[in-house]
Amino acid sequence: MTRIAIVDNEKLKDMQQKLYIQSICPVNRTGKECIKVIDSKLTIDEHLCTGCGICPKAAPHAIKIINLPEELETKPIHRYGENKFVLYSIPTPTFGKVTGILGINGIGKSTAIKILANVLKPNFGDWNIHETGYDELIEFFKGKEAQGFFEKIKKGEIKVAYKPQQVDLIPKTTKGKVVDLLKKVDEKNELKKIANELQLNEILNNDIAEISGGELQRVAIAATVLKNANLYIFDEPTSYLDIKQRINISKFIKSLINDNNSILVVEHDLIILDYIAELVNLMYGKEDAYGIVSGVKPVRNGINVYLSGYIKEENVRFRDSTIKFAEKPPIKKKHIKEVITSWNDVEKKLGNFALKAHKGSIHKNEIIGILGENGTGKTTFVKILANVLKQDKGNITHKVRVSYKPQYLEVSDDLVVDVLKTAFSKYENQIIIPLNLQQLSLNKLSELSGGELQKVAIAHCLQQDADLYLLDEPSAYLDSEQRLVLSKVIRDFIEQRNASALIVDHDLLFVDYISDRLIVFEGKPAIEGIITGPFEMEDGMNKFLKELEITLRRDPETNRPRVNKLDSRLDREQKEKGNYYYV
Ligand code: SF4
């Protein structure tokens, strides 16, 4: 059996702990050197390790011992170092098609993309080798589709353009005006056309350091497509974008495809992935330990297999449970429940922006989803309800204690265990374990990834004693699996506490999955925001989807929502009946 050991030496406390771990290994006790400590570094010999499980128990935050599936007796494609992450395969782009990549965070999606984009040279598991050429890659993939792909790269027939995942890092390395950045990469002489299509004209003369996350995302996409390439790779192209922008970007990316090029997209918003891609590669494995890529599948089937947690053809179960969606939207409840907060003709002006909320209320034990475009005042309204901002006009009954998770997360040098003291002592089963936060307990907030920081911020919000929990964009930075787990955590928690929650989010499937009712924001971004609702799910979704001009149907196998093709029979029928939302 192939076994891998992953060791994070930085998470081991001190030399004393390392020597203790070495002393308890049964293989070491027989006189062999399975665990070594040299130059203060603990390493594990994967050939000698019997997988007894003693050392990971002694240091669960720092050591993982993993028995790989039998089928995986193959050579890895890349390993970052001794007892470090290992990747076993990579997705293969198909010409004339958009191929999606779906999988949890931390299983090598970005590593695979860097290999395809020729940014990272793979070492085939031998981390002492630093330089490999295409011949090794061609040999490695002999007989597989990827062989042809790397042969083309070797002949210079493939040119790659790559949009990185973390667009928020762009201002740290690139300075100056947006237009100057785009001019530099405009190999096709199409700046005007692309800026028009991506609605960038108004920010072309702005400084890159001053534009918003959603604008940065669109600039990064423009910079990618302006390059003369025939393989375009988009790593998470919709983060920071609202639903309307997500649909527009999906249409834009789809429109780029032709017989002579290929597009790869990593995306965690399942409705968008389903809409944008024709094919999908599933990636599975263990977070921060190893990653494998499944054979390519048609997108509908691929997402359904992903939700089921079992790849039949490869006989691999990568999740214990199947993710299911309810057959019908929540049954209309008679809201005789206690009102916990309400508002009446609230108005707020911030510079040139005006926000208006007519009349609405929130009841005990319900979750209300908030949908709307960026720049229509969602965060402002949430802040008014949280009493962080004061309204100019109108009434709000603030008889509730509010706990608020903001959209942008603050980083500090505090330890996770200190920030989440109450959650660790009172809500271990409800919050800490399902969100997988135990292993981060000794990390500083400043050391966490975006997804980890998001989970800590959500736990921090939920651990407060409150009647109303306001969560602003909780799905950002989380992978699709974490989003579904999170919806269950929030639902169960709200029910147990007999509290209520308001959730602002742009992942339509997440909002659909978690909400009892909906508030819809209308108006013009940066000018006016009008708050309507809360509505029952069907009414709220119909209102919102009508604005977007899209209709949703249910997948017959999993009941998950899917976007109908524009002008398809179903799309036309549903629009005629006013059923934009499935029933
Ligand atoms: Fe030793 Fe392996 Fe057991 Fe750890 S899991 S104690 S390395 S045999």
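Here are some notes:
- Cβ-defined net charge surrounding Asn261, 13 Å radius [Lys, Arg +1; Asp, Glu -1]: +4
- Across the range 3-67, the fraction of Cα-Cα pairs farther apart than 19 Å, rounded to a whole number, is 18%.
- Shape box of the range 171-309 [Cα atoms, principal axes, largest first, Å]: 48, 34, 27
- Other residues whose C-beta falls under 12 angstrom from the C-beta of Pro525 contribute a net charge of -3, scoring Lys and Arg +1 and Asp and Glu -1.
- Computed from Cα positions, the angle between helix 213-225 and the longest principal axis of the chain comes to roughly 60 degrees.
- What the pair-distance distribution of the range 394-472 shows, using all Cα-Cα distances binned every 10 Å from zero, is 19, 50, 24, 7, 1 percent.
- Cα-based radius of gyration of the range 1-134 once divided by 2.2 N^0.38 Å, which approximates compact folds: 1.22
- Ellipsoid equivalent to the range 267-409 - semi-axes via the Cα gyration tensor, in Å: 42, 19, 15
- Two-decimal Rg to Rh for the range 194-243 - Kirkwood Rh, Cα set: 0.96
- Per residue accessible area of the chain, 1.4 Å probe, in Å²: 46
- Helical content alone sets the calculated 222 nm signal of the chain at -8500 deg cm²/dmol, taking -39,500 (n - 2.57) per DSSP H segment of four or more residues and averaging over every residue.
- Across all directions, the shadow cast by the convex hull of the range 478-583 built on its C-alpha atoms averages 8.3 square nanometres.
- For the range 133-291, the antiparallel share of DSSP beta bridges with both residues in that region comes to about 25%.
- Under 19 Å between alpha carbons - lysine pairs in the range 3-67 that sit 8 or more apart or on different chains: 18
- Antiparallel bridge percentage (DSSP; both residues within the chain; nearest 5): 50
- Whole-percent P(r), the chain, all Cα pairs, 10 Å bins from 0: 3, 15, 25, 27, 19, 9, 2, 0.
- log₁₀ of I(q)/I(0) at q = 0.25 Å⁻¹ - the range 427-493, Debye sum with one point per alpha carbon: -1.27
- Kirkwood Rh, angstrom, the range 166-228 [1 / mean 1/r, Cα pairs]: 11.4
- Nearest-20 debye value, the range 353-461 charge dipole, Cβ charges on Lys, Arg, Asp, Glu: 720
- All C-alpha to C-alpha distances of the range 339-537, sorted into 5 Å bins beginning at zero, yield P(r) values of 1, 8, 16, 20, 20, 15, 10, 7, 2, 0 percent in whole numbers.
- Cα convex hull of the range 224-282, projected area averaged across orientations, nm²: 4.1
- Summed residue charge, Cβ within 15 Å of Lys184's Cβ, Lys/Arg positive, Asp/Glu negative: +1
- Placing a pseudo-label 7 Å from each Cα along the Cα-to-Cβ vector at Ser446 and Gln16 gives an inter-label distance of 2.6 nm.
- Alpha carbon centroid spacing (whole Å) that separates the range 1-39 from the range 507-583: 54
- Residue pairs, from the table Lys193/Lys251; Lys175/Lys390; Lys348/Lys488, whose Cα atoms sit over 27 Å apart: Lys175/Lys390; Lys348/Lys488
- Two-site label geometry, Asp320 and Lys546: point separation in nm, points 7 Å out along Cα→Cβ: 4.5
The values are calculated or read from the model by the stated rules, or taken from the named source; none is laboratory data. Please read all numbers here as calculations on a predicted model, not as lab measurements. Heads up, the Cβs are rebuilt from the backbone with ideal geometry, glycines too, and the neighbour counts pull from every protein chain shown. The accessibility values were calculated without ligands, DNA or RNA, using every heavy atom of the protein model including side chains. Shrake-Rupley method; radii C 1.70, N 1.55, O 1.52, S 1.80 Å.
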